[in-house]
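Laboratory data are not the source of any read-out in this text; all were calculated from the coordinates shown. All of these numbers come straight from a predicted model, not from anything done at the bench. Glycine gets a Cβ as well: all are built from the backbone with ideal geometry, and neighbour counts include every protein chain shown.
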Amino acid sequence: MQKRRGHLSSSLPMTEADVVKMSGGMNIILGGPGRTALPGKKRRKARNAVRGRRDYRRVWGLLLVGTLGTILLYLLSTSSKHNEDSDVAATGGGIKGMIQWHRQRRRHNQKQAIIKKPLDHFSTLQYALQHSHLVALYFAASWCPHSTPVTEALDEYFSDLILPPKSDDEDEAGTKVTEPFPLAIVHVSSDTKEAKFREYMRKNWIAVPFDSPERTSLKRHFQVCAKPEVELLGIDRKYEIPTLLIIDSATQTVLTTNGVDDLEEFKDKALEHWTELHGLVRGMDEKYAEREEEEEQKEDDDGLAREPARDRHRRAKHGDGNAAGAVGELFGPN
């Protein structure tokens, strides 16, 4: 007798359509291996739970990064504070040590501050500024009749005293000036033709080149020009030509704008007058600096005398550790 074959369909895996058919159309999903199929509402809840766990891990990751950053900043600030404490200890420690350290730090910061001088960006003036005590900046023109007597006076009185110009074949590095000259004359021309400019120049003057843009820049900087140049160059003119400005080479500040009047009044003694004026201004600057230093010293001493009474309770409670706060109040930001 022939054996009946077994029904193979029962051993085959069911498809999703079979499951849906058997469930009577219920909305279910197939679970993975070892998992039970979940209805739609539970499925959404499971997905939300997974997303919640991901957000939880993300938040903790951000908190961890923030904590590590805070610790790093704290370590850096602690290291900086340790260096400051070492510097304070080197000055003797205590209140006086802190005050001394703050003074040194403030002075150091002042020295480190780079103060750009007003004429540093004019390259045509650097040779004269570096090799003379005074610079006479002369604004004039060959066509100006008022310039002629001033030019003749400068040539007559100072031709043997002024800084000679650099040679054409010699750069600034090769120029040998052992000692500063008492005076340098730098000519800023208002001539419209280079031939006239060269003809009017004196051999021992230093000239801003005719084709140099600094010829116009200097006129704008000092607000000096001829009347025809006011509209042409757009300069708000304060001084007309001829004008002779006397400049302190060290500070690059103008000592006087009345050089032409000084020549007329003092004649060959004009350089002595400018030198005396230079010394007077320097003396006033030094005296002002000394007075400022004395006032700072007095303020520091007064603050030190007031501090123990004001912070006695804090020092008694916390020791010298609070001295930094008191000194900070005395000196403010550096």
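Highest mean packing first, where packing is the average number of other Cβ atoms within 10 Å per residue, the peptides 281-290, 252-261 line up as 252-261, 281-290. Each of T243, T275, T70, T178 was scored by other Cβ atoms within 10 Å of its Cβ. Arranged with the fewest first, they read T178, T70, T275, T243. Footprinting exposure proxy ranking of I71, I162, I235, fewest other C-beta atoms within 10 angstrom first, gives I71, I235, I162. Rg/Rh, computed from the Cα trace of segment 123-287 with Rh as the Kirkwood radius, has the value 0.95.
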